[in-house]
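Please treat every number below as a calculation from the coordinates, not as lab data. All figures in this text were calculated on a predicted structure; none of them were measured in a lab. Ideal geometry is used to build each Cβ from the backbone, glycine not excepted, and the neighbour counts take in all protein chains shown.
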Amino acid sequence: MVDQSLFKSVPVKSSEITPQHLFRSRRQFLKSMGVLGAGAFLAACSPKIGSQATSSVASKETPMVEPESTMATDELGDPVNSYHEITNYNNYYEFSTDKREVAVLAKDFKSSPWEVEVFGLVNKPQTFGLEDLLKKFTQEERIYRLRCVEAWSMVIPWMGLSLAKLLGEVEPLSSARYVRFETIMDPEQMPGQKQGFYPWPYQEGLTIEEAMHELTILATGLYGELMPPQNGAPVRLVVPWKYGFKSIKSIVKIELVDYQPDTMWSTIAPNEYGFYANVNPAVDHPRWSQASERRIGEAGRRKTLLFNGYAEEVAHLYNDIDLRDFY
Ligand code: MTE
């Protein structure tokens with residue numbers, strides 16, 4: 001097992017790389033938790049574990065864990081979803097296509113020891129153990145919206161490290177134009193991988209510019225706790241301006257390449273899921289509108305924002321392409 005104290009010992013720094021408004025939300029997050037002392041943060045914002053499941057319904061889900069304060073918000077003022085919501089409504093097809101049973105099926109997933117191999121068009125290929133990722137790189141919290149292509153969304157307080165910093169360690173060659181990510185292949189632990197229909201392992205990709213963007217992180221936890229299995233333990237990608245399927249879970253390989261990599265969903269249904277998958281209310285999915293979304297825990301629907309509300313930070317990456325053609 002990875003020692004949770006490893007996670008706690010990592011300093012939370014005042015961020016030079018977090019955009020100002022996100023940093024403000026971090027301060028607000030800490031403030032709402034009643035702490036601004038960096039060392040105290042992780043312990044203090046760790047959710048309280050309520051009474052253990054007693055009913056049969058509750059015992060099917062992870063323990064009821066709630067944030068200490070419901071006042072924490074993203075930079076737009078939207079409250080974070082509860083730990084319970086974030087950890088009991090999951091897309092993780094390696095375990096199940098039923099969002100509400102992923103937590104139960106994934107609960108014994110063994111994610112330690114764990115290694116992530118970073119290789120390909122780089123000067124210094126390296127394999128990082130999870131402890132290296134936690135110790136060597138500053139873990140920052142980022143309160144991000146996650147917008148699924150299925151038109152639901154949540155606000156999640158992630159912890160994680162900058163992907164750009166990790167890539168900096170391996171020194172990408174100038175020929176590296178894309179980054180390819182791969183989830184672990186382990187059908188014994190992941191029953192869904194025994195189903196032949198899907199082209200396992202789950203794969204995803206980003207352009208090198210997207211991978212190096214300051215908003216892109218490798219998340220190692222949420223709510224100040226190590227990543228729960230159902231959310232992609234021990235390490236998953238988070239790219240907040242793209243549909244959630246780009247945020248690949250339980251990563252074991254990161255390869256720098258000079259071609260646009262295949263991705264799981266664009267292989268299965270290329271007319272429905274593109275490589276870019278930028279959140280865009282003006283470009284509908286062939287089978288449903290993307291103009292609005294259901295925020296989990298909220299009644300009614302809200303308007304979907306271009307690039308999921310991060311246009312100011314990322315729109316320039318797409319100046320030269322037509323977002324309708326490159327969906
Ligand atoms: N990664 C893997 N390996 N397998 C998956 O099925 N689902 C994706 C993404 N990453 C998925 C994955 C989809 S469709 C979404 S919306 C998000 O994970 C959901 O992340 P969450 O369960 O943490 O909310």
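Tabulated data
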item	result
Residue-wise HN-Hα coupling along the range 173-183, computed from phi with Karplus coefficients 6.51, -1.76, 1.60 (Hz; x: Gly, Pro)	7, 5, 6, 6, 10, 9, 10, 10, 10, 9, 7
Pairwise centroid distance, computed over Cα atoms, of the range 194-233 with the range 154-173, Å	11 Å
Exposure proxy ranking, count of Cβ atoms within 10 Å, fewest first, for 287, 294	287, 294
Proportion of all alpha-carbon pairs of the range 252-292 beyond 14 Å (%)	57 percent
Sequence ranges 159-170, 313-324, ranked by mean other-Cβ count within 10 angstrom, highest first	159-170, 313-324
Under-5 Å amide H pairs with residue 295, H placed in peptide plane, nonlocal only	153, 302
Long-range HN-HN contacts of residue 285 with modeled amide H, under 5 Å	290
Long-range tail of P(r) for the range 85-169 (Cα pairs > 15 Å, %)	71 percent
Over the range 243-327 - Rg/Rh using Cα atoms and the Kirkwood inverse-distance radius	0.98
Coarse-grained scattering of the range 160-222 at q = 0.19, 0.28 Å⁻¹, given as base-10 log I(q)/I(0) from a Debye sum over alpha-carbon atoms	-0.83, -1.15
